[in-house]
Amino acid sequence: MDIIDLTHLIDENVSVYDKIEIPYISELTNVEKEGFKVSSIHMVSHTATHVDAPSHMIKDALSLENFNLEYFLGKATILNVSSEVIDIEHLKTIEVYLNEVNFLLINTGWSKFWGTPKYLMNYPALTKDAAKYLSNFKLRAVGMDTISVDRYDSKDFNIHKILFNQNMLPIENLANLNRINKNIFDFICLPLKYKNSDGAPVRAIAQL
């Protein structure tokens, strides 16, 4: 059994949108002085590998703590694609697997730019038609190795809203998707549990 960590490390080198704070981790106590180490962790709700709640984009919509735990674990399949635009034709190549899983993960190879300015610009994204096409399947979430499921220059965030309206959650900033070598595998992405969560970091793993 192989377990692959699909989660980026949270540190001061994470990629974040402009005007979003980078994480700040400081030491409050240490073993030498107080006899125990305690750290303070300051970060926004959409730091590093994370899942978005409908309340992130839609007023009065569900927050993450309103979803049952089972919503964040199940069977997944992967789409390997190098195109800047991910359309229906790409998705149709894995249609047989989409009928059998709870999660779609999209490996674009973009995670190799993690921590660099390039990561934030011109990354691959789903088309509106492709996002709507996913309503044909019983998916709980769509995960990508990019900072957003919407284009970098999007102002209306249509892809997010299309997915939310189909009861699908976006999972963003996944890592190591290139290490997955099976068409169907077990996937877990448990978010931090906090009140009114519009999004939360996850520890995402694939079990092959």
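Just to be sure, is THR7 part of a loop (DSSP other than H, G, I, E, B), surrounded by 12 or more Cβ atoms within 10 Å (Cβ to Cβ), in contact with a Pro (Cβ under 6 Å, 6 or more places away or on another chain) and not aliphatic (A, V, I, L, M)?
Here the answer is no, as THR7 does not meet what is asked.
Filter the stretch 193-208 for residues that are of a type in the set (A, V, I, L, M, F, W, C) and touching a Leu at 6+ places or on another chain (Cβ under 9 Å); which is farthest from GLY74 (Cα to Cα)?
Applying the filter and picking the extreme gives ALA200.
Which members of the stretch 74-94 meet the condition of being β-branched (Val, Ile, Thr), in a loop (DSSP other than H, G, I, E, B) and open to solvent by less than 90 Å² (accessible area, probe 1.4 Å)?
Correct list: VAL81, ILE94.
Name, by its number, the condition in (1) free of Cβ contacts under 8 Å to residues at least 60 places away in the same chain; (2) surrounded by fewer than 21 Cβ atoms within 10 Å (Cβ to Cβ); (3) more than 27 Å from VAL14 (Cα to Cα); (4) touching a helix residue (DSSP H, G or I) at 6+ places or on another chain (Cβ under 9 Å) that does not hold for PHE36.
Failed condition: (4).
Given the options TYR71, TYR97, TYR123, name the one that is of a type in the set (Ser, Thr, Tyr) and either in a strand (DSSP E or B) or open to solvent by less than 30 Å² (accessible area, probe 1.4 Å) (or both).
The conditions single out TYR123.
Between a first residue in the stretch 117-128 that is free of Cβ contacts under 8 Å to residues at least 40 places away in the same chain and a second residue that is polar (S, T, N, Q), which pairs have beta carbons less than 6 Å apart while being 6 or more apart in sequence or on different chains?
So the pair list comes out as TYR123/THR146; LYS128/ASN158.
Confirm whether THR49 is closer than 19 Å to LEU163 by Cβ, in contact (Cβ under 8 Å) with a residue 12 or more places away in the chain and in contact with a Pro (Cβ under 6 Å, 6 or more places away or on another chain).
Criteria not met by THR49.
Here are some residues: ASP150, ASP145. Which one is touching a residue at least 12 places away in the same chain (Cβ under 8 Å), of a type in the set (D, E, K, R), buried (at least 21 other Cβ atoms within 10 Å of the Cβ) and within 18 Å of MET57 (Cα to Cα)?
The conditions single out ASP150.
For LEU62, state whether it is part of a loop (DSSP other than H, G, I, E, B) and either closer than 30 Å to ILE22 by Cβ or touching a helix residue (DSSP H, G or I) at 6+ places or on another chain (Cβ under 6 Å) (or both).
Judged against the criteria, LEU62 is a match.
Could you check the stretch 42-59 and list, in sequence order, the residues that are open to solvent by 20 Å² or more (accessible area, probe 1.4 Å) and assigned to a strand (DSSP E or B)?
HIS42
For the structure I just gave you, tell me whether SER135 is part of a helix (DSSP H, G or I), open to solvent by 20 Å² or more (accessible area, probe 1.4 Å) and either more than 24 Å from PHE67 (Cβ to Cβ) or of a type in the set (D, E, K, R) (or both).
Spelling it out, it is not the case that SER135 is part of a helix (DSSP H, G or I), open to solvent by 20 Å² or more (accessible area, probe 1.4 Å) and either more than 24 Å from PHE67 (Cβ to Cβ) or of a type in the set (D, E, K, R) (or both).
The values are calculated or read from the model by the stated rules, or taken from the named source; none is laboratory data. Bear in mind that the values here come from a model prediction, so they are computed numbers and not experimental data. All Cβ positions, even for glycine, are placed from backbone atoms using ideal geometry, and neighbour counts span all protein chains on display. Protein only, heavy atoms only, side chains kept; ligands, DNA and RNA dropped before computing areas. Shrake-Rupley method; radii C 1.70, N 1.55, O 1.52, S 1.80 Å.
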